[in-house]
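The values are calculated or read from the model by the stated rules, or taken from the named source; none is laboratory data. Here the structure is a predicted model, which means the values were calculated and not measured. Quick reminder, even Gly has a Cβ in these numbers, built from the backbone with ideal geometry, and neighbours come from all protein chains shown.
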Amino acid sequence: MTGMEIAKRDKRVLIVSHGHPTFSLGGGEVASYNLFNGIHDLPGWESFYLARVGPPVNRHKDSALMSLRQKEREILYYANDYDHFRCSNRNLAGLQQDFVRYVVDLQPDVINFHHYIGLGVETIFALKQALPRVPIVITFHEYLSICHHHGQMVKTSRNTLCYRSSPAECTNCFPHIPESQFFKREAFLKTFFEMADFYISPSEFLIDRYVDWGLPREKFRMIENGLTVEEIVPPRPLPKGGRRNRFGFFGQVSEFKGLHVLVEAVSRVSDKDWGDDSALMIFGGNLEKQPEAFQKKFNELTEKAGNRVRFYGSYRSAELPSLMKDVDWLIIPSIWWENSPVVIQEAFLHGRPIIASNIGGMAEKVTHNVDGIHFRNASVEDLIDRLTDVLRTPDLWDRLRARIKRPIDRQECARRHTEIFNALLAGVPGQGTSSPATTAPATAGQGTQVLDRAVAQPL
């Protein structure tokens, strides 16, 4: 394609995600997909979505590239040879053959990574080498590169919070991995992140963590995840004398989500305060994929709670508005630092105050006694007190709801992103370390050195 042809067409953004919402409903997938659609809604822009898939989805025989039926701007890339410790793609030949070939043929003006898990950080280098003048933006959704413990920044021994990563601290969590390997892991990952022109985060808290880890603050910008708004659910109709006493949990059923804290707290609220009509409604799946010890603990706690807890199983994002109709309060009891749970914005969109742990992105997004309530992280006793306050204060829900600010939609989120993209394309100082006009391609020697590190560092 000639320069004149490129100038005539709309600017083209490629969104790269570690999963497609059709197969995986994590917050990062939903956020990246909403951005993909939001950008395409803007005049002068078009967007494409490249998402990684793996088992149980079957790979095509001859190519790792697959399409979704009737989805011309969406393509799947099959990748299933991934090193979780180094966040590394071990199938470098396949990366060049299919992933890079597709992107080069597409000729995007900007590439926005929304994760690298399953894909490998080598994808960043491979595209920078193939398209050296195309700005690359990385959107961080969690702390996976900082923390080997599922990116939770929680100690493996007692699930207590980790306040700062270091090779020494990481070895304390994983004694079978030498400190030197964590040092190499950090250097290896930073090598690839430094190739990006700019970083985006949905929370200031996450930015602080990555800056503390060593990435430059001047390359970061905070942009909230944008929502696709189709309908707004009105408050639950109350019978005469009724209370705002229906509590909802939406998310994965796991220990890190703090469900054991929540269910135990609910079971211990006094009978007088709980009454006969209060309920905790749990919407979430993947319990069967959790460690057996947690499954046993969760099942025992829900049995003890009796009819106070109703477990509805997994749901799809399109179902959330209808499920929210029966909920007054949303509870986010996570025991890890959560970056920017999409469910917070979804709750605020529908005018539901939130009861949340007082840490991380939860404390940043939910303001205590303004649009929600904080409780001390992982404290069953403090959560009991907050639930009791809610049940004893009839007007609290209305006061908090009145001060909820509507979250941004996908169009506004896309507009804020394209401001950054335009600045990068124009080579504005401070919007990345290089511009499309000045970025130099990596040499063959540099490329070999970088990629060799992916496969030449045994544990």
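Considering every residue within region 269-277, establish whether at least one is in contact with a strand residue (DSSP E or B) (Cβ under 8 Å, 6 or more places away or on another chain) and not hydroxyl-bearing (Ser, Thr, Tyr). There is no residue in region 269-277 that is in contact with a strand residue (DSSP E or B) (Cβ under 8 Å, 6 or more places away or on another chain) and not hydroxyl-bearing (Ser, Thr, Tyr). Of the residues making up region 42-54, at least one is farther than 18 Å from Val134 by Cα, touching a helix residue (DSSP H, G or I) at 6+ places or on another chain (Cβ under 8 Å) and not basic (Lys, Arg).
Within region 15-44, the set of residues being under 24 Å from Asn91 (Cβ atoms), among the polar types (S, T, N, Q) and assigned to a helix (DSSP H, G or I) comprises Ser32 only. For region 194-201, the criterion of being surrounded by fewer than 18 Cβ atoms within 10 Å (Cβ to Cβ) and either free of Cβ contacts under 8 Å to residues at least 24 places away in the same chain or assigned to a loop (DSSP other than H, G, I, E, B) (or both) is satisfied by at least one residue.
Helices (runs of 4 or more DSSP H) fully within region 248-324 that include at least 3 residues being surrounded by fewer than 18 Cβ atoms within 10 Å (Cβ to Cβ): 271-274, 292-305, 320-324. For region 368-396, the set of residues classified as crowded, with 19+ Cβ neighbours inside 10 Å, small (Gly, Ala, Ser) and more than 22 Å from Gly351 (Cβ to Cβ) consists of Ala378 only.
Looking at region 382-397 only, could you name the residues that are charged (D, E, K, R) and touching a residue at least 12 places away in the same chain (Cβ under 8 Å)? Arg386, Asp389, Arg392 - these are the residues of region 382-397 that are charged (D, E, K, R) and touching a residue at least 12 places away in the same chain (Cβ under 8 Å).
Every residue, every condition in (1) part of a loop (DSSP other than H, G, I, E, B); (2) in the same structural domain as Tyr143 (by TED's automatic domain parsing); (3) charged (D, E, K, R), yes or no:
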{"position": "Ser340", "(1), (2), (3)": "yes, no, no"}
{"position": "Gly361", "(1), (2), (3)": "no, no, no"}
{"position": "Leu383", "(1), (2), (3)": "no, no, no"}
{"position": "Arg416", "(1), (2), (3)": "no, yes, yes"}
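Regarding Cys87, is this residue out of contact with any Cys (no Cβ under 6 Å at 6 or more places or on another chain), crowded, with 23+ Cβ neighbours inside 10 Å and hydrophobic (A, V, I, L, M, F, W, C)? Judged against the criteria, Cys87 is a match.
In this structure, does Ser270 turn out to be among the hydroxyl-bearing types (Ser, Thr, Tyr), in the same structural domain as Pro394 (by TED's automatic domain parsing) and more than 12 Å from Phe250 (Cβ to Cβ)? Yes: the conditions hold for Ser270.
Can you confirm whether Ser47 is polar (S, T, N, Q) and assigned to a helix (DSSP H, G or I)? Considered against the rule, which asks whether it is polar (S, T, N, Q) and assigned to a helix (DSSP H, G or I), Ser47 comes out as no. Please verify whether region 71-79 includes one or more residues that are at pLDDT below 90, over 21 Å from the mean Cα position of the chain (by Cα) and surrounded by fewer than 17 Cβ atoms within 10 Å (Cβ to Cβ). Checking region 71-79: at least one residue is at pLDDT below 90, over 21 Å from the mean Cα position of the chain (by Cα) and surrounded by fewer than 17 Cβ atoms within 10 Å (Cβ to Cβ). Selection of region 92-139 for residues being surrounded by fewer than 18 Cβ atoms within 10 Å (Cβ to Cβ) and part of a loop (DSSP other than H, G, I, E, B) yields Gln107, Pro132, Arg133.
When Leu215, Leu206 are checked against the criterion of being assigned to a loop (DSSP other than H, G, I, E, B), crowded, with 20+ Cβ neighbours inside 10 Å and not assigned by TED's automatic domain parsing to the domain that holds Val327, a single residue qualifies: Leu215. Look at region 401-415: where a residue is surrounded by fewer than 17 Cβ atoms within 10 Å (Cβ to Cβ) and a partner is β-branched (Val, Ile, Thr) and modelled with pLDDT of 95 or more, sitting 6+ places away or on another chain with Cβ atoms under 6 Å, you get Arg403/Val370.
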